[in-house]
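Below is one structure, written out as structure tokens; comments come after it.
What follows draws every value from the coordinates through simple rules; no lab data is involved. Predicted model only: the values in this text are computed from it and were never measured. Ideal geometry is used to build each Cβ from the backbone, glycine not excepted, and the neighbour counts take in all protein chains shown.
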Amino acid sequence: MIYSEKVMEHFAAPHNVGEIENADGIGEVGNEKCGDIMKMYLKINAGIIEDVKFKTFGCGAAIATSSIATDMIKGKSIEEALKLSNKAVVEALEGLPPAKIHCSVLAEEAVKTAIADYYRRQGIDPEPIVGKIESHCHGDCHP
Ligand code: FES
């Protein structure tokens, strides 16, 4: 399998790895096929994503996509972060092998799930804003 240089770069030295204490929103998603899990933490202030960190227990492509996805939403508004698509993530990585595209979907879902969690904590129903999140996790991927 051939990975782009960008993927290798982010895999070898992923950005924004870790957790945020007292995060304003946390999203955890899993891929039922491979069992990989991604957890994303957001610090949100006045509608802006001030900080974002992630932990990915998964394949190299999932780590590279989470790394670049966190770079892409850091400092952005919630609205902009919600527009992050897995396609944009794949493009930013200069492509992914077809068998690895599903890994990039995890990053998009993790961002949306964390934002939904943020709204839920504010007592706001996230569905009209974030939309329905099609999670690949069916309940048994949470350790
Ligand atoms: Fe599981 Fe890539 S193989 S996320």
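Quick one: net charge around residue 70, please, counting Lys, Arg +1 and Asp, Glu -1 for every other residue with C-beta under 13 Å from its C-beta.
Local net charge: +1.
What dipole magnitude, in Debye to the nearest 20, does the chain give about its Cα centre under +1 on Lys/Arg Cβ and -1 on Asp/Glu Cβ?
60
Please turn the phi angles of segment 59-68 into ³J(HN,Hα) values with the Karplus equation 6.51 cos²θ - 1.76 cosθ + 1.60 (θ = phi - 60°), one per residue in order, whole Hz, x for glycine and proline.
With coefficients 6.51, -1.76 and 1.60, one gets 6, x, 5, 5, 5, 5, 5, 5, 4, 6 Hz.
Return a whole-number percent for the relative contact order of segment 23-93, with Cα pairs under 8 Å and 6 or more residues apart as the contact set.
RCO, segment 23-93: 24 percent.
Summing Lys, Arg as +1 and Asp, Glu as -1, what charge do residues with Cβ under 10 Å from the Cβ of residue 55 carry, residue 55 excluded?
0
Starting from the amide H of residue 17, placed 1.01 Å from N in the peptide plane, find each other amide H under 5 Å away whose residue is 5 or more places distant or on another chain.
Amide H neighbours of residue 17: 54.
Highest GNM mean-square fluctuation, the chain, Cα pairs closer than 10 Å: which of 12, 62, 99?
Between 12, 62, 99, it is 99 that shows the largest mean-square fluctuation.
Quick one: Cα convex hull volume of the chain, Å³ per residue?
103
If we count other beta carbons within 10 Å of each Cβ, what is the order of 130, 7, 111, 17, fewest first?
With the sparsest Cβ surroundings first, the list reads 17, 130, 7, 111.
Relative to the longest principal axis of the C-alpha atoms of the chain, give the angle of the C-alpha long axis of helix 101-121, reported between 0 and 90° and rounded to the nearest 10°.
Approximately 10 degrees, to the nearest 10.
Based only on other Cβ atoms within 10 Å, what is the fewest-to-most ordering of 54, 11?
Going from sparsest to densest Cβ surroundings: 11, 54.
Given the peptides 88-95, 72-79, 18-25, arrange them by the average over their residues of other C-beta atoms within 10 Å, most packed first.
So the peptides 88-95, 72-79, 18-25, ranked by packing, come out 88-95, 72-79, 18-25.
Under 9 Å from the Cβ of residue 94, count the other residues' Cβ atoms, weight Lys and Arg +1, Asp and Glu -1, and hand me the total.
-1
Show which lysines lie in cross-link reach of residue 39 when reach means a straight Cα distance below 16 angstrom and same-chain residues fewer than eight apart are skipped.
By straight Cα distance, residue 39 reaches 53, 55, 74, 112.
With 10 angstrom as the radius, rank 10, 15 by how many other C-beta atoms surround their C-beta, starting from the fewest.
Ascending number of Cβ neighbours within 10 Å: 15, 10.
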